[in-house]
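Visitor: Encoded as structure tokens, here's the structure I'll be asking about.
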Amino acid sequence: MTIALLLIAGLMLGSATAAMAGRNLIHSALLLIASWAGVAAIYLWAGAEFVAFAQVLVYVGAISMVVLFAVLLTRQNQIADQLIAPPTRLRAAAAVTTGSCVAAVLAAAICSSSFAPGAAEPPSTTVRQIGLELMRQDGAALLIVGIILTVALLGATILAATDPKVGPGSSRAGEDVP
Amino acid sequence: MIAAGPDSFLERAPLALRDWAVQLLPVPLQWLAHHVITIVAVLAVFGLFFAFTTIAERKLLARLQNRLGPNRTGLPWIKGLRLFGLSQPFADAVKAITKEDIVPAAADKILHFLAPVIVVGFSLMTFAVLPFGRQYLPVDLDAALLYFFAAGAATELAIFMAGWSSRNKYSLLAAMRALAQLISYELPLILSVVPVVLVTSTLSTKAIVIAQGTWSFGLLPHWFIFTPWGFAGFIIFLIAALAESNRSPFDLPEAESELVAGHLTEYSGFKYALFFMAEYFGLTALSGLGVTLFLGGWQAPCAFLQFIPSYAWFMMKLIGMIVFFIWVRGTLLRLRIDQLTRLSWQFLVPLALLNLGNAAFWVLTAQWAGPLQLVRWIVSAAIIVVPFILMGRSLTAGFAPRTYRYAP
């Protein structure tokens with residue numbers, strides 16, 4: 001079992017590393033998606049089916065599309081794959097600083113927290129129990145999260161749609177540019 | 001007539017055959033053989049089903065267009081025997097395998113190769129949670145519905161990979177169209193399924209079929225399609241399933257009059273055949289899900305018809321769905337991309353959300369009896385029919401009725 005975990009973790013970290021090192025944006029995006037799929041595999045390995053399927057549905061199915069759309073729609077040149085500019089010393093230094101800061105915070109948090117030794121009997125939680133707990137005890141929290149996400153979605157739509165030149169009344173806006 | 005009921009010989013025969021084959025092997029290998037036989041059975045049955053769906057589609061479309069369709073393929077070693085062209089899919093398979101595999105020089109070789117593999121792999125994975133019969137469920141998962149949609153999610157990615165890696169304008173445009181279409185219709189598809197989950201309060205496909213397994217007077221089945229919310233959900237599900245499987249009238253990603261063959265432009269030979277196969281597998285799996293959720297799965301329509309094995313009922317309903325999809329393809333015209341997305345976001349998504357409220361009403365009024373039962377049905381039907389008419393009127397205002405200026 002441990003070998004399987006190491007294999008999944010290796011594949012996940014490997015694809016994440018390759019995504020960062022790659023020079024091709026689309027390849028990086030696809031490798032990032034592979035890494036997310038690896039997270040789902042770890043959930044499956046841990047026996048958390050529900051979370052694993054949700055992870056695949058949300059990350060591999062939906063977020064990946066957003067990432068790919070962003071990459072394809074925001075590129076300035078007409079070449080199918082945009083190459084990232086070669087690394088500079090400044091960028092490398094900034095990356096190393098940011099990365100080490102995040103790592104330090106995470107390491108501090110992990111080292112300072114005390115892990116209680118696990119119960120001898122592993123808790124058997126089914127999807128049904130998770131659903132009942134989510135809907136009964138934490139129903140209010142679930143609703144609030146839903147509202148926040150909806151507001152964020154509406155905000156994103158408004159941000160993306162505010163283009164003064166596009167509208168039914170100004171369809172000839174492009175004519176003055178020869 | 002063979003003994004009626006769930007334990008008849010025909011019902012158990014395939015399982016008995018599998019158990020007999022498994023016990024021939026040594027004990028350590030038995031669990032492996034058990035699973036391998038299940039997988040091979042699903043692959044064989046739905047591989048053949050795919051083959052005959054293609055010939056059925058070609059023949060039916062031909063009849064709808066007043067043609068004959070393929071009718072010449074017989075058996076290679078018997079001259080003069082034509083079999084109505086029924087062996088055409090096998091001839092097509094030989095043709096696809098022996099054709100040259102062309103990869104464009106500028107293409108991204110790895111992604112170009114991976115795309116058809118991923119699309120077939122993931123569309124086959126969805127079959128794992130479909131209950132084909134009373135005891136014929138390959139994998140019994142608690143979260144089966146979630147699994148189904150998770151497995152289906154990766155096919156969008158594969159279509160994008162195919163379109164982008166081909167390094168072809170048409171392919172890339174098609175890939176973007178496909179993504180926009182799949183994202184737009186994923187929402188109504190899932191929203192049309194949620195009412196079923198709400199009413200049965202389970203995500204397991206097995207339990208959903210069992211929940212539909214009763215009859216009024218032994219004649220009227222309690223399938224979800226025969227409730228107001230179930231009927232509306234089924235129609236929304238059908239439309240969204242058509243769009244999800246890229247079929248006419250939603251076949252914009254491969255609109256041949258605009259985009260050559262869309263994301264398949266640079267594919268040839270067996271890889272093209274794999275995409276084709278995945279499309280049919282996806283259609284079959286979605287039809288199977290529709291049958292499971294709304295048409296009572298493997299349940300017989302009348303109590304006295306239970307002597308027919310459950311898997312036969314499932315396959316009959318599945319074939320009915322597929323024939324309906326072929327009929328739609330031969331009848332309706334292709335939509336424009338703006339009409340396509342508008343249909344989803346302005347019409348189907350609000351209706352599906354209303355239908356969700358409708359199902360909640362249905363659950364809350366489960367105790368109503370007598371004349372209140374009639375009120376329950378009328379209110380539930382009104383919740384979905386009134387907004388349907390109002391929204392339809394307001395959305396088509398200014399477009400219809402169409403006047404023909406030059407034709408009489």
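All of the numbers you see were taken from the coordinates with simple rules; none came from a lab. Being a predicted model, the structure only gives us computed values, none of them experimental. FYI the Cβ positions are ideal-geometry reconstructions off the backbone, even for glycines, and counts take in every protein chain you see.
Visitor: Below 8 Å between Cα atoms, with a sequence gap of 6+, how large is the relative contact order for the stretch B:13-98 in percent?
Guide: Working: 58 pairs, mean separation 14.6, N = 86.
Relative contact order for the stretch B:13-98 comes out at 17 percent.
Visitor: How many angstrom lie between the C-alpha centres of the stretch A:1-56 and the stretch B:84-147?
Guide: About 23 Å separates the Cα centre of the stretch A:1-56 from the one of the stretch B:84-147.
Visitor: With a 10 Å Cβ neighbour count serving as the proxy for reagent exposure, in which order, fewest first, do A:THR150, B:THR202, B:THR403 appear?
Guide: On the way: A:THR150 10, B:THR202 20, B:THR403 6.
Lowest to highest Cβ neighbour count: B:THR403, A:THR150, B:THR202.
Visitor: Highest mean first, how do B:173-186, B:362-375 rank when packing is the count of other Cβ atoms within 10 Å averaged over residues? Please list the in-between numbers first.
Guide: On the way: B:173-186: 22.4, B:362-375: 11.1.
With the highest mean Cβ count within 10 Å placed first, the list reads B:173-186, B:362-375.
Visitor: With chain B treated as a Gaussian network of Cα nodes joined by springs under 10 Å, which of B:ILE110, B:ILE97, B:ILE190 yields the largest mean-square fluctuation?
Guide: Of the options given, B:ILE110 has the highest mean-square fluctuation.
Visitor: Starting at the first residue of the stretch B:386-394, write each ³J(HN,Hα) from the Karplus equation 6.51 cos²θ - 1.76 cosθ + 1.60 with θ = phi - 60°, in whole Hz, x for Gly and Pro.
Guide: Whole-Hz 3J(HN,Hα) from phi for the stretch B:386-394: 4, x, 4, 5, 4, 5, x, 4, 6.
Visitor: Normalised by the empirical 2.2 N^0.38 Å for globular proteins, what value does the Cα Rg of the protein assembly as shown take? Numbers along the way, then the final one.
Guide: Details: Rg = 26.6 Å, N = 586, 2.2 N^0.38 = 24.8 Å.
The value comes to 1.07.
Visitor: Got a sec to turn the phi values of the stretch B:36-47 into Karplus ³J(HN,Hα) couplings, 6.51 cos²θ - 1.76 cosθ + 1.60 with θ = phi - 60°, whole Hz, x for Gly and Pro?
Guide: 4, 5, 4, 5, 5, 5, 4, 4, 5, 5, 7, x
Visitor: Related question: Assuming 0.36 nm per residue, please report the length gained on full extension of the stretch B:ARG342 to B:VAL323 beyond their Cα-Cα distance. Write down the numbers at each step before the final one.
Guide: Values: separation 19, 0.36 × 19 = 6.84 nm, distance 2.71 nm.
Answer, rounded to one decimal: 4.1 nm.
Visitor: Short version: ³J(HN,Hα) in whole Hz for each residue of the stretch B:203-209, in order, from phi by Karplus 6.51 cos²θ - 1.76 cosθ + 1.60 (θ = phi - 60°), x for Gly and Pro, what are they?
Guide: Going residue by residue, I get 9, 7, 5, 4, 5, 5, 5 Hz, with x marking Gly and Pro.
Visitor: Alpha carbon centre of the stretch B:278-319 versus the stretch B:24-49: separation in Å?
Guide: When both Cα centres are located, 22 Å separates them.
Visitor: With a cap of 16 neighbouring Cβ atoms within 10 Å, and only residues DSSP puts in a loop, list the chymotrypsin sites (Phe, Trp or Tyr not before Pro) found in the stretch B:55-112. Let's see the in-between values first.
Guide: Values: sites: B:TRP77, B:PHE84, B:PHE90; in loops: B:TRP77.
Loop-located and lightly packed - B:TRP77.
Visitor: So between B:VAL194 and B:ARG334, what do we pick up on full extension, going 0.36 nm a residue minus the alpha carbon distance? Don't jump to the answer; show the numbers that get you there.
Guide: Values: separation 140, 0.36 × 140 = 50.40 nm, distance 2.84 nm.
Extra length available between B:VAL194 and B:ARG334 comes to 47.6 nm.
Visitor: Using 10 Å bins from zero, what percent of all Cα-Cα pairs in chain B falls into each bin?
Guide: All Cα pairs considered, the percentages come to 4, 19, 28, 27, 16, 5, 1, 0.
Visitor: If you place +1 on the Cβ of every Lys and Arg and -1 on the Cβ of every Asp and Glu, how big does the dipole about the Cα centre of the stretch B:306-408 come out, in debye to the nearest 20?
Guide: Values: 9 positive and 1 negative charges, 81 e Å.
The calculated dipole for the stretch B:306-408 is roughly 380 debye.
Visitor: Ok, one more. Before rounding to the nearest 500, sum -39500 (n - 2.57) across all DSSP H runs of length at least 4 in chain B and divide by the residue total; then give [θ] at 222 nm in deg cm²/dmol. Numbers along the way, then the final one.
Guide: Numbers: 14 runs with 259 residues, N = 408.
Rounded to the nearest 500, the figure is -21500 deg cm²/dmol.
Visitor: For the stretch B:181-328, list log₁₀ I(q)/I(0) at each q in 0.09, 0.14 Å⁻¹, using the Debye formula over Cα point scatterers of equal strength and ignoring solvent, two decimals each.
Guide: Debye intensities relative to I(0), on a log10 scale: -0.33, -0.73.
Visitor: Can you tell me the order of B:216-222, B:312-318, A:6-12 when each peptide is scored by its average per-residue count of other Cβ atoms within 10 angstrom, highest first?
Guide: B:312-318, A:6-12, B:216-222
Visitor: Which number comes out as Rg/Rh for the stretch B:281-375 once both Rg and the Kirkwood Rh are worked out on C-alpha atoms?
Guide: On the way: Rg = 18.1 Å, Rh = 16.7 Å.
With Rg and the Kirkwood Rh in hand, the quotient comes to 1.08.
Visitor: To check my understanding: the extent here is largest minus smallest coordinate of the Cα atoms along each principal axis. What are those three numbers for the stretch B:118-205, in Å, largest first?
Guide: Extents along the principal axes: 48, 25, 16 Å.
Visitor: Quick one: Debye curve from the C-alpha atoms of the stretch B:205-287, no solvent, what's log10 I(q)/I(0) at q = 0.12, 0.18, 0.20 Å⁻¹?
Guide: Rounded to two decimals, the profile gives -0.54, -0.85, -0.95.
Visitor: A further question on this structure: Based on alpha-carbon atoms only, what is the radius of gyration of the stretch B:13-98 relative to the globular estimate 2.2 N^0.38 Å? Before the final figure, lay out the partial values.
Guide: On the way: Rg = 18.7 Å, N = 86, 2.2 N^0.38 = 12.0 Å.
The value comes to 1.56.
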